[in-house]
1. Yes or no: E216 within 21 Å of W294 (Cβ to Cβ) and assigned to a helix (DSSP H, G or I)?
2. Filter the range 1-22 for residues that are among the hydrophobic types (A, V, I, L, M, F, W, C) and assigned to a loop (DSSP other than H, G, I, E, B); which is farthest from P109 (Cα to Cα)?
3. May I ask you to verify whether E216 is closer than 25 Å to S48 by Cβ and acidic (D, E)?
4. How about the range 355-385: which of its residues are closer than 15 Å to V164 by Cα and either polar (S, T, N, Q) or touching a Ser or Thr at 6+ places or on another chain (Cβ under 8 Å) (or both)?
5. Just one of (1) crowded, with 22+ Cβ neighbours inside 10 Å; (2) on the phi > 0 side of the Ramachandran plot trips up N320, so point out which.
6. In this structure, is T307 under 18 Å from L210 (Cα atoms), among the hydroxyl-bearing types (S, T, Y), modelled with pLDDT of 95 or more and surrounded by fewer than 18 Cβ atoms within 10 Å (Cβ to Cβ)?
7. Pairs needed: first member in the range 91-112, of a type in the set (D, E); second member anywhere, surrounded by 13 or more Cβ atoms within 10 Å (Cβ to Cβ); C-beta distance under 8 Å; at least 6 residues apart or different chains.
8. I'd like to know if the range 330-349 contains one or more residues that are at positive phi, modelled with pLDDT of 95 or more and not in a helix (DSSP H, G or I).
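The values are calculated or read from the model by the stated rules, or taken from the named source; none is laboratory data. Please read all numbers here as calculations on a predicted model, not as lab measurements. Here the Cβ positions follow ideal geometry from the backbone for every residue, glycine too, while neighbour counts run over all protein chains shown.
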Amino acid sequence: MSNFEVCHSIYDIPEAAWNALYQDIIPAGYPFLDYRFLSALEDSGCISAAADHASGWQPCYLTDNNYSLIVPAYLKQHSYAEYVFDWSWADAYHRYGLEYYPKLLWAMPFTPASGPRLLGQPQDLLKAASWVQEYINQQEMSGWHLNFTDPATTSELAAQPNLVKRTGCQFHWFNRDYTSFDHYLEHFVSRKRKSVRKERKRIAEQGLTLERKTGEQISEEDIEFFYRCYRNTYRQRASTPYLNRAFFRQLLATMADKILLVSAFHQSSGHEQKQPVAAALYFYDSETLYGRYWGCTVEFDALHFETCYYQGIEFCIENNLKRFDPGTQGEHKISRGFEPVFTHSFHQLRQPEFQQAIKEFAQQEQEHVEAYFGDASELTPFHRE
């Protein structure tokens with residue numbers, strides 16, 4: 001008999017029990033493991049306890065009977081919105097007449113932000129991994145996947161020979177005790193510093209102004225306009241947003257203390273009032289700012305860089321945050337002071353021959369990522385010491 005229970009809704013776990021672990025284990029307040037964030041996803045229907053729900057995300061939290069350890073995992077019917085790509089693995093399974101889905105994903109839904117992946121003591125990590133393995137064996141699933149691990153988790157699991165580690169690369173900004181944005185730019189080489197200043201000057205020249213709001217400063221009207229912008233980003237790509245209006249409305253009602261909203265306004269000739277034209281929504285804790293969603297109704301030169309990067313950097317400096325994680329991809333971030341960092345994920349497939357195949361793939365992939373990391377490191381705009 002298993003020594004863990006399976007909960008297909010966050011409401012199967014008392015909020016007080018979840019928060020007791022969260023506050024003890026995650027003092028910085030990593031927002032994507034916050035009960036309010038995950039319950040908003042469920043309440044809005046972005047994920048669902050129903051196995052046949054269209055989202056393809058079904059909560060599968062593993063815990064014990066006194067909630068001393070919680071594994072936030074999800075049954076997945078596809079590989080969308082994970083940001084660690086395994087479509088080719090699923091295709092290989094299909095070619096051999098095997099079922100790849102459902103699989104178990106140990107990660108934060110729709111969120112490629114490295115951080116803690118366990119509500120429990122650090123020494124419980126291998127116990128949690130054994131629960132996950134036992135569960136997929138019981139259910140005869142293809143395997144399990146743990147994405148965007150923090151350094152402590154990465155270090156411990158990398159020593160487990162049965163797991164395959166994959167390495168990726170993102171670009172993050174680090175606060176080296178900057179006192180202002182100008183102080184930050186003083187660390188750039190002259191040509192790169194002039195380029196950033198030119199971009200920021202271009203914002204004013206186009207009649208644009210930016211506004212940052214947090215917490216109770218953010219209104220329902222602000223969120224409504226942000227959602228229009230966010231939805232427009234997907235429409236331009238002829239796709240559908242993963243997150244809906246109800247999700248963002250609930251975040252405003254329950255979790256505004258961890259939200260930064262940056263809005264852009266345009267003052268055009270012949271109009272007395274400035275009009276909103278773009279918005280970006282961030283999350284933050286006591287150490288890190290996370291850039292997550294953006295969109296615009298009208299496009300302007302350099303507006304994306306100002307709204308999604310420079311405003312975030314200024315917020316970090318003003319609030320003494322150590323790091324700014326702006327999300328996936330984007331080599332254009334390098335010239336603006338974002339530095340390459342490695343990301344990590346771990347994978348376990350039940351079929352031994354497939355596990356060996358992905359191990360070889362991951363080793364080759366890591367060589368390419370490390371070379372890319374080295375090349376990107378040479379392109380940062382900072383003075384060389």
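1. Values: within 21 Å of W294 (Cβ to Cβ): no; assigned to a helix (DSSP H, G or I): yes.
For E216, the condition - within 21 Å of W294 (Cβ to Cβ) and assigned to a helix (DSSP H, G or I) - is not met.
2. Quick first cut of the range 1-22, residues among the hydrophobic types (A, V, I, L, M, F, W, C) only: 1, 4, 6-7, 10, 13, 16-18, 20-21.
Now restrict to residues that are assigned to a loop (DSSP other than H, G, I, E, B): 1, 4, 13.
Working: M1: 29, F4: 22, I13: 18 Å.
Filtering the range 1-22 for residues that are among the hydrophobic types (A, V, I, L, M, F, W, C) and assigned to a loop (DSSP other than H, G, I, E, B), the one farthest from P109 (Cα to Cα) comes out as M1.
3. On the way: closer than 25 Å to S48 by Cβ: no; acidic (D, E): yes.
Spelling it out, it is not the case that E216 is closer than 25 Å to S48 by Cβ and acidic (D, E).
4. Let us first name the residues in the range 355-385 that are closer than 15 Å to V164 by Cα, namely 355-367.
The answer is Q355, Q356, A362, Q363, Q364, E365, Q366.
5. N320 satisfies all of (1) crowded, with 22+ Cβ neighbours inside 10 Å; (2) on the phi > 0 side of the Ramachandran plot except (1).
6. Working: under 18 Å from L210 (Cα atoms): yes; among the hydroxyl-bearing types (S, T, Y): yes; modelled with pLDDT of 95 or more: yes; surrounded by fewer than 18 Cβ atoms within 10 Å (Cβ to Cβ): no.
No, not satisfied.
7. E99/Y93; E99/S142
8. Just the residues of the range 330-349 that are at positive phi, to begin with: 330, 337.
If we keep only those that are modelled with pLDDT of 95 or more as well, we get 337.
Checking the rest, the ones that are also not in a helix (DSSP H, G or I) come to 337.
Yes, there is a match, as at least one residue in the range 330-349 is at positive phi, modelled with pLDDT of 95 or more and not in a helix (DSSP H, G or I).
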